[in-house]
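Undergrad: Structure in structure tokens, see below.
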2 protein chains.
Amino acid sequence: MEALGRQILVEFYDCDSDKINDVSFVESAFLEATRKSKATIISHNFHKFSPHGISGVVVIAESHVTIHSWPEYNYAAVDIFTCGDTIDPWVIQEYLKEAFESKNISSMEMKRGLFKVQPGQRLLFKPQKVSSN
Amino acid sequence: MEALGRQILVEFYDCDSDKINDVSFVESAFLEATRKSKATIISHNFHKFSPHGISGVVVIAESHVTIHSWPEYNYAAVDIFTCGDTIDPWVIQEYLKEAFESKNISSMEMKRGLFKVQPGQRLLFKPQKVSSN
């Protein structure tokens with residue numbers, strides 16, 4: 001069996017609450033982390049909630065990276081969904097761990113889209129060209 | 001232990017490939033499914049890849065719903081990340097199953113952001129008001 005995608009679900013506990021409540025900071029950190037992973041950024045969209053909390057997504061050619069933060073619990077949930085073999089999703093986790101000053105991380109890696117392939121063949125991953133928005 | 005969020009990872013296999021390759025159709029289906037679940041839509045962003053495949057996200061006040069489709073494999077990966085108890089995430093799965101004509105689904109529900117709470121207390125979920133974009 002071979003997988004089309006891999007997805008890392010990261011629980012960032014014991015973060016700096018001010019940092020994960022600062023939408024500009026979080027968006028910049030996400031863009032920088034995504035670039036460092038060699039992903040191709042297609043769009044990004046971050047929102048600040050009142051009185052606190054951030055939701056954000058970076059759509060990449062290789063899938064997506066999302067965040068939901070609860071600064072009141074010093075916690076952020078991050079998903080890193082990737083396909084292909086040119087991107088290193090763990091770079092994103094490591095960059096965000098430093099940025100959020102998280103002292104306690106829990107990660108789980110999932111395989112998405114499992115298919116049986118013939119010997120010598122490979123699954124084709126998503127092409128990187130966006131044809132329309 | 002109580003969780004801030006719940007996340008349903010859905011594998012839609014054996015879909016109608018034309019439907020999961022039609023970005024307008026997929027976006028409309030996502031918006032309708034999200035409304036039916038009683039979620040509050042904040043933003044949405046869908047992209048079509050060349051020669052095929054779609055990536056899309058709906059950010060909701062209660063977190064997010066995403067899709068990545070591989071029409072060449074009749075497959076779509078959907079994530080439904082929610083918080084609070086006003087939204088029914090399974091409504092989204094059921095609506096999309098019909099829309100994509102998927103004949104084979106695999107779902108997994110995860111809890112995100114686990115915290116110990118005192119007896120009689122509850123975790124506070126994300127407020128629904130967006131203070132800035």
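Please treat every number below as a calculation from the coordinates, not as lab data. On a predicted model such as this, the values are computed, not experimentally measured, just so you know. Note that each Cβ is placed from the backbone with ideal geometry, even for glycine, and that neighbours are counted across all protein chains shown.
Undergrad: Looking at A:Leu96, is it in contact (Cβ under 8 Å) with a residue 24 or more places away in the chain and either more than 9 Å from chain B (Cβ to nearest Cβ) or farther than 20 Å from B:Ser69 by Cβ (or both)?
TA: Taking the combined requirement at face value, the residue satisfies it.
Undergrad: Going by the conditions given, is A:Asp85 within 22 Å of B:Ser69 (Cβ to Cβ), at the interface with chain B (Cβ under 9 Å from one of its Cβ atoms) and not polar (S, T, N, Q)?
TA: Taking the combined requirement at face value, the residue does not satisfy it.
Undergrad: Cβ contacts < 8 Å: first residue on the phi > 0 side of the Ramachandran plot, restricted to the range B:100-116; second residue assigned to a strand (DSSP E or B), any location; separation 6+ or different chain. Result?
TA: Listed pairs, sorted by first residue: B:Gly113/A:Glu11; B:Gly113/A:Trp70; B:Gly113/A:Tyr75; B:Gly113/A:Ala77; B:Gly113/B:Ala3; B:Gly113/B:Leu4; B:Gly113/B:Gly5.
Undergrad: For the range B:13-27, give me each residue that is closer than 30 Å to B:Lys111 by Cβ and touching a Lys or Arg at 6+ places or on another chain (Cβ under 7 Å). So that I can check it myself, show each step before the final result.
TA: As a first pass, look at the range B:13-27 and keep what is closer than 30 Å to B:Lys111 by Cβ: B:13-15, B:20, B:26-27.
Once the filter is applied, which keeps residues that are closer than 30 Å to B:Lys111 by Cβ and touching a Lys or Arg at 6+ places or on another chain (Cβ under 7 Å), the range B:13-27 yields only B:Asp14.
Undergrad: Within the range B:46-55, identify whether any single residue is more than 11 Å from every other protein chain (Cβ to nearest Cβ) and farther than 18 Å from A:His68 by Cα, and answer yes or no.
TA: no
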